[in-house]
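K.L.:
Take this structure, written in structure tokens, and hold onto it; I'll ask about it next.
The values are calculated or read from the model by the stated rules, or taken from the named source; none is laboratory data. Only a predicted model underlies this, so the values are computations on that prediction, with no experimental measurement involved. Backbone-built Cβ (ideal geometry, glycine too); neighbour counts: all protein chains shown.
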Amino acid sequence: MSNPEQDAQGHPLPVRDRIDVSAPVARPSLIGLSASALEDAVEDLGVPLRQCPMRARQLWNWFYARGATDFEQMSSISKELRATLSAHHTIARPVITDAQVSNDGTRKWLMRLTHGVEVETVFIPDQERGTLCISSQVGCTLNCTFCHTGTQPLVRNLTADEIVGQVLVARDELGEWPLPGEPAPTRRITNIVMMGMGEPLYNFENVRDALLLIADGEGIALGKRRVTLSTSGVVPMIKRTGDEIGCMLAISLHAVRDELRDELVPLNRKYPLAELMDACRNYPRVSNAKRITFEYVMLKGINDSPADARALVQLIKGIPAKINLIPFNPWPGTPYECSDWETIEVFGDIVNRAGYASPIRTPRGRDISAACGQLKSESKKKSAAELRRERLAAGA
């Protein structure tokens, strides 16, 4: 029998993810459900069994093709059923509480979820693509020393509907939904990267369900090759990621020696480099057409020497891969500096000559703290007693 105080991997749940039996039961969301689960939800409302597949398809279309935010907008569904749906379920999205636009066009949204917790989501426009960076947790447990998000303790995991909801809100803000009688607008979000707040593989089931819906041709329909999950190296979950999600994989690497990676990415003490590289070599369906991306933040005088570059080439030998070199994005209180540009170019040239693509990622959104490693909300972990008091004060 599962322990309600632990997640699927046996890790203790933060206080806000533990079962509070005194909490009122909220209307469950229909967003983020699989097609079959949505049929089951419709059946539970008393819809005749033979009608359930059709009704579920109608709802699915309203959610993900038309962007409906209220059951009353769903004109193809009877008024009676709309009322029943509204009484028993919600399709509410996260609420934007702050929006910023960078000088380079990058957008950052602070989104409020249930009980007031918040996450950050970033849209990065480019000439040929638009990338949406979404979060999987409020805060993070990994404490990577170069990452601002890692200074915020884990508050809780996001649910599948909260992960999908970030995409729906972004599409709202970018005007991606078709208007009645008009052709669908050109999509601005062409790629999804799960590189926001949190470690996705410590919230595997919710992340899996959300990403499968995002990639589903009948759902948000971005396709699995346009969805990338980034992990700091939760080795036991990497194979499951390939088998059950099938998305592109990115590894937050940042060091080529265990003693340094132990410091930069403390998770390495549990899953050292040899184990991580073995999991990458055996990632399901990895190939030259489906390469693994290794993310490598460039820290001045720490991991940026020519010797480090040569060791990186040896470390990933035999893995179809590319290496994203990320100029360090500073944040208040950090002890690190970004490597000099010339140093980054020399490092990249060594990796490139070994046959690996090594683009230098152009920093985006630095002026609004939207760049890689800069995301952080002000949500804080609260006790179950504090949460109960807040709900009583709000009349919940």
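K.L.:
Could you grab me the full set of residues in region 118-127 that are over 16 Å from the mean Cα position of the chain (by Cα) and in contact (Cβ under 8 Å) with a residue 24 or more places away in the chain?
P.N.:
P125
K.L.:
Scanning for something within 19 Å of N143 (Cβ to Cβ) and in a helix (DSSP H, G or I), does region 273-286 turn up at least one residue?
P.N.:
Within region 273-286, one or more residues are within 19 Å of N143 (Cβ to Cβ) and in a helix (DSSP H, G or I).
K.L.:
Given (1) touching a Ser or Thr at 6+ places or on another chain (Cβ under 9 Å); (2) within 22 Å of W331 (Cβ to Cβ), identify the lone condition not met by L158.
P.N.:
(2)
K.L.:
How many residues does region 11-49 hold that are within 25 Å of T141 (Cα to Cα) and modelled with pLDDT of 50 or more?
P.N.:
Residues in region 11-49 being within 25 Å of T141 (Cα to Cα) and modelled with pLDDT of 50 or more: 1 in total.
K.L.:
Still on this structure: Going residue by residue through region 133-156, is there one that turns out to be surrounded by fewer than 22 Cβ atoms within 10 Å (Cβ to Cβ), basic (K, R), closer than 30 Å to Y336 by Cα and outside the structural domain of A41 (by TED's automatic domain parsing)?
P.N.:
No - not one qualifying residue is present in region 133-156.
K.L.:
Report yes if some residue within region 278-298 is under 16 Å from R257 (Cα atoms), surrounded by fewer than 17 Cβ atoms within 10 Å (Cβ to Cβ), assigned by TED's automatic domain parsing to the domain that holds L249 and of a type in the set (S, T, N, Q); otherwise report no.
P.N.:
Within region 278-298, none of the residues are under 16 Å from R257 (Cα atoms), surrounded by fewer than 17 Cβ atoms within 10 Å (Cβ to Cβ), assigned by TED's automatic domain parsing to the domain that holds L249 and of a type in the set (S, T, N, Q).
K.L.:
Follow-up. For T121, are the conditions met, namely being farther than 15 Å from E162 by Cα, buried (at least 16 other Cβ atoms within 10 Å of the Cβ), in the same structural domain as L174 (by TED's automatic domain parsing) and polar (S, T, N, Q)?
P.N.:
When the stated conditions are applied, T121 does not pass them.
K.L.:
Cβ-Cβ distance below 6 Å, separation of 6 or more or different chains: which pairs start in region 199-225 with a residue that is in the same structural domain as L158 (by TED's automatic domain parsing) and end on one that is charged (D, E, K, R)?
P.N.:
That search, which allows pairs on different chains as well, returns R208/E244; A215/K224.
K.L.:
Between E173, E128, which is out of contact with any helix residue (DSSP H, G or I) (no Cβ under 7 Å at 6 or more places or on another chain) and either buried (at least 24 other Cβ atoms within 10 Å of the Cβ) or part of a helix (DSSP H, G or I) (or both)? First the steps, then the outcome.
P.N.:
On the way: E128 fails: either buried (at least 24 other Cβ atoms within 10 Å of the Cβ) or part of a helix (DSSP H, G or I) (or both).
Exactly one of E173, E128 is out of contact with any helix residue (DSSP H, G or I) (no Cβ under 7 Å at 6 or more places or on another chain) and either buried (at least 24 other Cβ atoms within 10 Å of the Cβ) or part of a helix (DSSP H, G or I) (or both), namely E173.
K.L.:
Conditions first: (1) in contact with a Phe, Trp or Tyr (Cβ under 7 Å, 6 or more places away or on another chain); (2) assigned to a helix (DSSP H, G or I). M298 passes all but one, so which condition is the exception?
P.N.:
(2)
K.L.:
Applying the selection to region 310-340, what residues are more than 29 Å from the chain's Cα centre (by Cα) and either in a helix (DSSP H, G or I) or buried (at least 18 other Cβ atoms within 10 Å of the Cβ) (or both)?
P.N.:
Taking region 310-340 and keeping what is more than 29 Å from the chain's Cα centre (by Cα), we get 310-311, 314, 340.
R310, A311, Q314 - these are the residues of region 310-340 that are more than 29 Å from the chain's Cα centre (by Cα) and either in a helix (DSSP H, G or I) or buried (at least 18 other Cβ atoms within 10 Å of the Cβ) (or both).
K.L.:
Would you call S339 within 27 Å of P125 (Cβ to Cβ) and at pLDDT below 60?
P.N.:
Details: within 27 Å of P125 (Cβ to Cβ): yes; at pLDDT below 60: no.
Judged against the criteria, S339 is not a match.
K.L.:
Next question, about the same structure. Taking the criterion of being touching a residue at least 40 places away in the same chain (Cβ under 8 Å) and among the hydrophobic types (A, V, I, L, M, F, W, C), would at least one residue in region 179-187 satisfy it?
P.N.:
No: zero hits.
K.L.:
Now, a different point. Return the total of residues in region 147-177 being under 18 Å from Y64 (Cβ atoms) and in contact with a Lys or Arg (Cβ under 7 Å, 6 or more places away or on another chain).
P.N.:
6
K.L.:
Taking region 182-234 only, how many residues are surrounded by 18 or more Cβ atoms within 10 Å (Cβ to Cβ), outside any helix (DSSP H, G or I) and touching a Gly at 6+ places or on another chain (Cβ under 6 Å)?
P.N.:
Total meeting the criteria: 1.
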